[in-house]
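Engineer: Here it is, the structure in full.
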Amino acid sequence: MAKLDLKDYSPAMKEAEDSSKQQTETSSTPATLSQNGRVWFMHPVSMINYFSDNKVLFQKGDKDEIIREINIRLAGFGGNVPTDEFTERTENMIKQFQRDYMKVEETGVVDMDVITAIDEFSVEYDLPSDEWVKKPSSDDQQMFCPCGLCDGFGQNRHKDLYYGAQLESTHRYEYPGIHRSLLWALKAVIFYLKKENSVYSFRKISSGYRCYDRNLQKNRRTTNHKGKALDIHFNKNGVRTRSCEDMDKLRKDIFNNYLGAKWDWLAGQNNIFNLESAKKGAKSWVHYDVRQFDQIFLKDEYFCKDSETLNGKPLVSLIINE
């Protein structure tokens, strides 16, 4: 990756930078180099130019924390897991994003145009702000847990405790929020419905978090909805649809076609989004989850409780500050 190396910042370099900053106010000199040729000060205008001429920032085989962010933020473009590795899945995800959102040549590499487009996508298709408003506990249709006892996202109880076999499907742990990949994928769903000029549109998150106390209140033992799943209601021509046929069409045409989601947690469907079919119970909503993700991709840090944590910092700022 072609990028700045700003990590080794000695006091002498800092003093030289202060002097250099004064010079660059009236000078066109774009950068100051250390003896080994690394850039350790660059004028802000020159920094923008440095990254704007289609330099390849990341490509297959690279490894970086920013790659992890890209894999999360574009999870709805073919499906992916929050790894810091630029894999073949990442390459295909970038190509899909370039083709469908950016409408440019599919290179499968990340340059500054891709970085900027991801930031634009984040803002343009951000979730409605009222999704982040906790409703009264009498309202069962919301992202927050309506138990009236937790903060809306459980109490981090029951880690490594299971209902029977040690599978994620029986893991009782109350994860600290909703998995970010689920919510970024929902942004992609909203985008694709608009792109297709579909009669369908996102209505609301009808079921998000459901903690242990809510299970007791409802006499059930769900584990998916402890941060790993979302149920979504959709409109058809502006009106809520409960049609099983409509849900099947949305699952097939949007979630399977664009997100790469599969049905009903079958063998071999690891590390992808899984859908609950109508025969399993999702007759008037679309359920999708990350319960088939490996544990390494279900770390607490991949879950969020608010819009700020979901969206994170703009990728442009992460690139410049890395």
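The values are calculated or read from the model by the stated rules, or taken from the named source; none is laboratory data. A quick note: this is a predicted structure, and the numbers were derived from the prediction, not measured. Every residue, glycine among them, receives a Cβ derived from its backbone with ideal geometry; neighbour counts consider all protein chains shown. When the accessible area is computed, the model is the full protein with side chains, heavy atoms only, and any ligands, DNA or RNA have been set aside. Shrake-Rupley method; radii C 1.70, N 1.55, O 1.52, S 1.80 Å.
Engineer: Principal axis lengths of the stretch 193-322 from Cα atoms, whole Å, largest first?
Structural biologist: Largest first, the stretch 193-322 extends 48, 41, 31 Å along its Cα principal axes.
Engineer: Counting just the Cα atoms, what span does the stretch 259-322 cover along each of its three principal axes? Round to the nearest Å and put the largest first.
Structural biologist: For the stretch 259-322, the Cα extents along the three principal axes come out at 49, 26, 21 Å.
Engineer: Determine the sum of side-chain charges near Arg73: Lys and Arg each +1, Asp and Glu each -1, restricted to other residues whose C-beta is under 10 angstrom from that of Arg73.
Structural biologist: That works out to +1.
Engineer: Let me ask you something else. Can you pick out the pairs among Lys55/Lys228; Lys55/Lys204; Lys194/Lys283 whose Cα atoms lie more than 31 Å from each other?
Structural biologist: Beyond 31 Å between Cα atoms: Lys55/Lys228; Lys55/Lys204.
Engineer: How big is the dipole moment of the stretch 128-252 about its Cα centre under a simple scheme where the beta carbon of each Lys and Arg is +1, that of each Asp and Glu is -1, and everything else is neutral? Debye, nearest 20, please.
Structural biologist: Once rounded to the nearest 20, the dipole reads 140 debye.
Engineer: For the stretch 84-91, take each phi angle, set θ = phi - 60°, evaluate the Karplus expression 6.51 cos²θ - 1.76 cosθ + 1.60, and give the result in whole Hz per residue in order, putting x for glycine and proline.
Structural biologist: Karplus values, whole Hz, x for Gly and Pro: 8, 9, 8, 9, 4, 5, 4, 4.
Engineer: Something else: As an exercise, identify the GluC sites (Glu not before Pro) in the stretch 78-157 lying in DSSP coil whose Cβ has no more than 12 other Cβ atoms within 10 Å.
Structural biologist: Here the sparse-neighbourhood loop sites are Glu105.
Engineer: Which number comes out as Rg/Rh for the stretch 62-148 once both Rg and the Kirkwood Rh are worked out on C-alpha atoms?
Structural biologist: 1.12
Engineer: As an exercise, use a Förster radius of 41 Å and the Cβ-Cβ distance of Thr170 and Glu322 to find the FRET efficiency, rounded to the nearest 0.05.
Structural biologist: Step by step, r from the Cβ atoms, then E = 0.55.
Engineer: While we're here: Whose amide H sits under 5 Å from the amide H of Trp263, counting only residues 5 or more places off or on another chain, with H placed in the peptide plane?
Structural biologist: Placed amide hydrogens put Leu275 under 5 Å from Trp263.
Engineer: A further question follows. Which ³J(HN,Hα) values, rounded to whole Hz and listed in residue order, are derived for the stretch 145-151 from phi using the Karplus coefficients 6.51, -1.76 and 1.60 in 6.51 cos²θ - 1.76 cosθ + 1.60 with θ = phi - 60°, glycine and proline given as x?
Structural biologist: Calculated HN-Hα couplings, in order: 5, x, 5, x, 10, 9, 7 Hz.
Engineer: Hey, another quick one. Below 12 angstrom from the Cβ of Leu193, what's the summed charge of the other residues (Lys, Arg +1; Asp, Glu -1)?
Structural biologist: For residues surrounding Leu193, the net value is +4.
Engineer: Per residue, how much accessible area does the stretch 84-186 show when a 1.4 Å probe rolls over the protein heavy atoms, in square angstrom?
Structural biologist: 43
Engineer: Of the accessible area of the stretch 182-300, with the probe set at 1.4 angstrom, what percent is carbon plus sulfur?
Structural biologist: Result for the stretch 182-300: 46 percent of the exposed heavy-atom area is carbon or sulfur.
Engineer: Let me ask something else. Roughly speaking, what is the centre-to-centre gap between the stretch 159-231 and the stretch 269-318 when only Cα atoms are used, to the nearest Å?
Structural biologist: Going from one Cα centre to the other spans 7 Å.
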